[in-house]
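The values are calculated or read from the model by the stated rules, or taken from the named source; none is laboratory data. This one's a predicted model, so the numbers in the text were calculated from it and none came from an experiment. In this analysis, Cβ positions are derived from the backbone assuming ideal geometry, glycine residues included, and neighbour counts consider all displayed protein chains. Ligands, DNA and RNA are stripped out before the accessible areas are found, and what is left, the full protein with its side chains, is counted by its heavy atoms. Shrake-Rupley method; radii C 1.70, N 1.55, O 1.52, S 1.80 Å.
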Amino acid sequence: MKKILIADASKVSRILLENILSDHFEIIQFSSIAETINYLKNNSVDLLICGFELTDGNAFKLAELLKVNDIFIPILLITSDPKTISKYDAYTFGIFDILERDKIDESIIEDINEIIELYSNIDLSNSFIVAIDDSKTQLYFIENVLKQTKSKYILFENPREFIETLPHSKPDICILDVYMDELDGIEVTKIIRKYKELKNTRIIIQTSARENSLLRTLMIIGADDYIIKPYSTEELLLKIINNIKVKKINDELDKINKELFEKATTDPLTGLYNRRFIIEQLNILISNYKRYLVPFAVMILDIDHFKRINDTYGHDIGDEILINLSKILKETLRKTDIIGRFGGEEFLCLIPNTPSENLPIIISKLLNNIRKFKYKYEEDEITFTISIGCCNFTKKYKTDNEIIKCADDMLYKAKNNGRNQAFLLLDGSELNIK
C-alpha cells in the first residue's frame, strides 16, 4: 500500500483527509515541520500533503528544508484560499500543485494515484539534462524539478558558456528560454542543430508567448517541444519524461540501423567492407571521376601461399591471419581509403584523391608492414607476405569490371614474378615494386 504523509497544523483537516484516503493509502500525520523532517530523514513516503500553515512555520519553509536534507518527494499544498499563494512561488519551491481545502473530496484519490505513478517513472539517473536561462529564479525552479528526476544536469545562466561546451557535451535534453539577452533560444537551437552528434538531443523551449507563428518557427528551426510559462512542476516533469522516452527510442533506432547497415555492408570475419558494398563505392568513385576528374586507384592483393598456412596450422589460424592482415591494412592506409574483403584471402582497396606519384610509396609501405608482422602460435612465429596489383583510373576505363581486371592482371604479374611484390600500372606505364 502506498504511503502518504499529511502535515497540517489543523487537526480537523488532517482527520478529514485521513477519512477520505485511509482505505486506499497508509496515512501518517504530523502538525509541525520538525516532526515531518525528522520522520522523512529515516522513512520514505510516496506523497506529502501539506497545509500551508504548520505549527512551526509554513509549507514553503518545509519544502526548503526538504531540499536542504536531499529529500525529494511530490508535495501537494492545500489551502483555504489559493488566491493568497502565488503558484509561481509554490512551483519554485518544488510544490507539485495547490488544492483548495473546501473542494477536496474522493476525486483526489485518482489524482494522487496519477502523481505517484508519474513520480515512480522519473528515475532518469542515466540521463543528462542541460538548462539554459538568464533568469536565476527560473533556473532555481528548474533545478528543483531536475533534482527529483535523479538525472545528471548542468545549469547555464549564460548561453555562450553552454555553446563553448559543444559538441563534447552531449545532453539528452536542452531546456532553453526563448528570450535571453546574451543569445536567444532560437539562435542557441540553430547552433545545437549544426552538430551531427546532437541530432537526437531533445530541445524544449520555454516561452510565455502563445503566438502560433513563433511556435511554428521554433519547430521549423529544430526545437522538439515547448512549454508555456508559468508552468507547474508536473508539466515540466511530463515534458522531460516524454522527451527522454523519444530520445531513447531514436537512439535505439540509430543503433538498430547501424547494426543493419554493418550486417549488410561488412564482412563478418574481418570487419572490413564486403564485396557488394565495395563495388558500390567503386562505382561512386567512377561517377565522380567522369564528372569531376577526381583521381583514384584500385588495388587488389592477396596472401601468398595462404593454403599452406591453412594446411599447416588449421583454418582457425588462417582466420587469425586474415584478421591481422585487415588490421594492418587499416593502420597503413588512410581513413578515407575504402578497404574490403573481395573473397577468400583476396582484398580490394580503393585509394581516392591520391596523386599518382604517391601510390608507389603507399604500396611499398604496405609490403614492408606485412613483412615485419609475426603471429605467435605455440612455439612458432608465423610470417606471411602479400602480392599486390594496382591501377590508377583513367579515361580509357568505362566500367568497374575493366578497372578491376586491370588490377587483377597486375596481381597476376606480381605472382608470376615470384610473389611478395607489387605491379602498378600508372597512367599506362608498368612499375614493379619490391
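Here are the numbers for the structure shown:
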quantity	calculated
Restricting the stretch 366-403 to residues that are over 41 Å from the mean Cα position of the chain (by Cα), open to solvent by 10 Å² or more (accessible area, probe 1.4 Å) and of a type in the set (Val, Ile, Thr), the residue that is nearest to ILE303 (Cα to Cα)	THR385
Residues within the stretch 36-60 that are part of a helix (DSSP H, G or I) and either touching a strand residue (DSSP E or B) at 6+ places or on another chain (Cβ under 8 Å) or open to solvent by less than 50 Å² (accessible area, probe 1.4 Å) (or both), tallied	6
Matching option when the condition is of a type in the set (Phe, Trp, Tyr), touching a residue at least 40 places away in the same chain (Cβ under 8 Å) and open to solvent by 30 Å² or more (accessible area, probe 1.4 Å), among PHE30, PHE93	PHE93
Test for TYR231: is it closer than 16 Å to ASP177 by Cα, touching a Leu at 6+ places or on another chain (Cβ under 7 Å) and in contact (Cβ under 8 Å) with a residue 12 or more places away in the chain	no
Sole exception among (1) open to solvent by 70 Å² or more (accessible area, probe 1.4 Å); (2) touching a helix residue (DSSP H, G or I) at 6+ places or on another chain (Cβ under 7 Å); (3) of a type in the set (Ser, Thr, Tyr) for THR270, by number	(1)
From ILE361, ILE309, residue being open to solvent by less than 40 Å² (accessible area, probe 1.4 Å) and either without any contact (Cβ under 8 Å) to a residue 12 or more places away in the chain or of a type in the set (Val, Ile, Thr) (or both)	ILE309
First in the stretch 245-270 and within 16 Å of LYS199 (Cα to Cα) and in a helix (DSSP H, G or I), second anywhere and open to solvent by less than 90 Å² (accessible area, probe 1.4 Å) and not small (Gly, Ala, Ser), Cβ under 6 Å, 6 or more apart	LYS247/ASP172; LYS247/ASN200; LYS247/ARG202; ASN250/ASN200; ASP251/ASN200
In the stretch 295-327, the residues that are in a strand (DSSP E or B) and more than 13 Å from ARG341 (Cα to Cα)	PHE296, ALA297, VAL298
Qualifying residue in the stretch 123-136 (condition: farther than 28 Å from GLU197 by Cβ and at pLDDT 90 or above)	yes
Positions within the stretch 96-122 being touching a Pro at 6+ places or on another chain (Cβ under 9 Å) and in a loop (DSSP other than H, G, I, E, B), in sequence order	PHE96
Test: residue in the stretch 235-245 that is closer than 30 Å to THR207 by Cα and over 23 Å from the mean Cα position of the chain (by Cα)	yes
So ILE71, is it out of contact with any Cys (no Cβ under 7 Å at 6 or more places or on another chain), part of a loop (DSSP other than H, G, I, E, B), under 23 Å from SER232 (Cβ atoms) and not small (Gly, Ala, Ser)	yes
Subset of the stretch 412-434 (residues that are of a type outside the set (Phe, Trp, Tyr), more than 20 Å from THR354 (Cα to Cα) and either open to solvent by 20 Å² or more (accessible area, probe 1.4 Å) or part of a helix (DSSP H, G or I) (or both))	LYS413, ALA414, LYS415, ASN416, ASN417, GLY418, ARG419, ASN420, LYS434
Residues (open to solvent by 10 Å² or more (accessible area, probe 1.4 Å), under 24 Å from the mean Cα position of the chain (by Cα) and within 25 Å of ALA7 (Cβ to Cβ)) located in the stretch 124-151	GLU143, LYS147, GLN148, LYS150
Test set (1) over 37 Å from the mean Cα position of the chain (by Cα); (2) within 19 Å of THR233 (Cα to Cα); (3) open to solvent by 70 Å² or more (accessible area, probe 1.4 Å) - ASP23 fails condition number	(2)
Number of positions in the stretch 277-288 that are closer than 20 Å to LEU325 by Cα and either open to solvent by 50 Å² or more (accessible area, probe 1.4 Å) or of a type in the set (Gly, Ala, Ser) (or both)	0
Residue check, LYS103 among the basic types (Lys, Arg) and either modelled with pLDDT under 90 or buried (at least 17 other Cβ atoms within 10 Å of the Cβ) (or both)	yes
TYR231 vs. criteria under 26 Å from SER151 (Cα atoms) and either small (Gly, Ala, Ser) or open to solvent by 50 Å² or more (accessible area, probe 1.4 Å) (or both)	no
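Here is a yes/no grid of residues against (1) at pLDDT 95 or above; (2) outside any strand (DSSP E or B); (3) in contact with a strand residue (DSSP E or B) (Cβ under 8 Å, 6 or more places away or on another chain):
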residue: LYS365; (1), (2), (3): yes, yes, no
residue: ILE370; (1), (2), (3): yes, yes, yes
residue: PHE384; (1), (2), (3): yes, yes, yes
residue: GLY389; (1), (2), (3): yes, no, yes
residue: LYS395; (1), (2), (3): no, yes, no
residue: MET410; (1), (2), (3): yes, yes, yes
